[in-house]
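Have a look at the structure below before the remarks.
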Amino acid sequence: MDYEGQICRPPMERSAFMLGVAVGCAYNRCRFCNLFKHLRHRLLPLEQLEHELRRVRDLGGNPKQVFLGDGNAFGMETSRLLTILEMVTRYFPACEMINMDATVSDIHCKSDEELRQLKHARVGHLYLGIESGLDDVLAFMQKDHNVDQAYMEISRLQDAGFWYNAHIMTGIAGTGRGRENAEHLASFLNRTKPQRIINFSLYLSSDTPLYRDALAERFKPASEVENLREERRLLELLDVCVQQYDSFHDAIEVRVRGTLPRERHKMLQTLDDAIKNQNMMQ
């Protein structure tokens, strides 16, 4: 399949077959994101999706895991999503799990019965853009939820049997607020218990609304050392079993990976080494 725009999926899905079901992101208003700003969101024709599934099957493909892209595939109408899920399992009988991104408002728009239907259709992991544990930060970044709404919808997801995974962003609260954000985010994650956590530490791209906010001094970015210290504080406070934790600091090429609590010490040591290196460079 030819993809339009950048391929975006969680690192845990790198071995899954990725089926693009849409172009762009239906929400596409987060101030820090530049992945889909240049694209007009549209759903791809079902005939195109079926052609791709048939092509892969005829080549001998029968993946056990499928990831639906782009943006927030979970936000499409439930009837259409169920049709796609049925096609996937028909062409790939070995498929055990179909995963995708979602937003908090996507969940809110689905009834409890719809959630049960989607779970029965083999949807497994949903990746939610939680980003921050602070309501004022979520509002400024134009996220689609506040903290209480996220608690409510994640509870509904878990009641329906889904695995919930959290996308977070160190540095998103700006300079001087890293510790505050880490502590609020740790409280949120300890309560909601995600299976997987992905931290894309804030990287301020010049083609994002947030970059223009920084130029106008409406947002003051944290330093890389601040972001590393924020993540260290978060990992200290997380009191939840996490199957996979993966963190990217693209500006300084630091990556922190492991499980919690088993590999906490190793991850903290990685952060300590990175903090020391950054301090030596200043």
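The values are calculated or read from the model by the stated rules, or taken from the named source; none is laboratory data. The structure displayed is predicted, hence computed values, not measured ones. Backbone-built Cβ (ideal geometry, glycine too); neighbour counts: all protein chains shown. Note: accessible area is taken over every heavy atom of the protein model, side chains too, but ligands, DNA and RNA are not part of it. Shrake-Rupley method; radii C 1.70, N 1.55, O 1.52, S 1.80 Å.
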Between residues in region 25-42 that are touching a residue at least 24 places away in the same chain (Cβ under 8 Å) and residues that are open to solvent by 50 Å² or more (accessible area, probe 1.4 Å) and aromatic (Phe, Trp, Tyr), which pairs lie under 8 Å by C-beta distance while being six or more apart or on different chains? ARG31/PHE140
Of all residues making up region 40-70, the number that are open to solvent by less than 50 Å² (accessible area, probe 1.4 Å), closer than 24 Å to ARG29 by Cα and part of a loop (DSSP other than H, G, I, E, B): 2
Unmet requirement for ARG9, which otherwise passes all of (1) open to solvent by 40 Å² or more (accessible area, probe 1.4 Å); (2) of a type outside the set (Phe, Trp, Tyr); (3) over 18 Å from the mean Cα position of the chain (by Cα): (3)
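Within region 245-273, how many residues turn out to be assigned to a helix (DSSP H, G or I), within 24 Å of the chain's Cα centre (by Cα) and of a type outside the set (Lys, Arg)? Break it down into steps so the answer makes sense when it comes.
Filtering region 245-273 down to residues assigned to a helix (DSSP H, G or I) leaves 264-273.
From the residues that got through so far, the ones that are within 24 Å of the chain's Cα centre (by Cα) too are 264, 266-268, 270-271.
Subset that is of a type outside the set (Lys, Arg): 267-268, 270-271.
The qualifying residues number 4.
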Name the one entry in ALA214, ALA222, ALA166 that is under 21 Å from VAL254 (Cβ atoms) and free of Cβ contacts under 8 Å to residues at least 40 places away in the same chain. ALA166
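Residues to consider are GLU96, GLU183, GLU131; find the one that is on the phi > 0 side of the Ramachandran plot and of a type outside the set (S, T, N, Q).
Details: GLU96 fails: on the phi > 0 side of the Ramachandran plot; GLU183 fails: on the phi > 0 side of the Ramachandran plot.
That would be GLU131, the only listed residue that is on the phi > 0 side of the Ramachandran plot and of a type outside the set (S, T, N, Q).
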By my count, helices (runs of 4 or more DSSP H) wholly in region 151-244 with at least 1 residues that are among the polar types (S, T, N, Q), open to solvent by 50 Å² or more (accessible area, probe 1.4 Å) and modelled with pLDDT of 95 or more are 178-192
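Could you tell me how many of the residues in region 101-149 are small (Gly, Ala, Ser), touching a residue at least 24 places away in the same chain (Cβ under 8 Å) and open to solvent by 30 Å² or more (accessible area, probe 1.4 Å)? If you could, list the steps in order and put the result at the bottom.
Narrowing region 101-149 to residues small (Gly, Ala, Ser): 102, 105, 111, 121, 124, 129, 132-133, 139.
Now restrict to residues that are touching a residue at least 24 places away in the same chain (Cβ under 8 Å): 102, 105, 121, 124, 129, 132-133.
Adding the requirement that they be open to solvent by 30 Å² or more (accessible area, probe 1.4 Å) leaves 105.
Going through region 101-149 one residue at a time, the tally reaches 1.
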For region 251-268, pairs from a residue that is within 14 Å of PRO11 (Cα to Cα) to a residue that is open to solvent by 30 Å² or more (accessible area, probe 1.4 Å), with Cβ under 6 Å and 6 or more apart or across chains, are ARG255/PHE248; VAL256/THR270; GLY258/LYS266
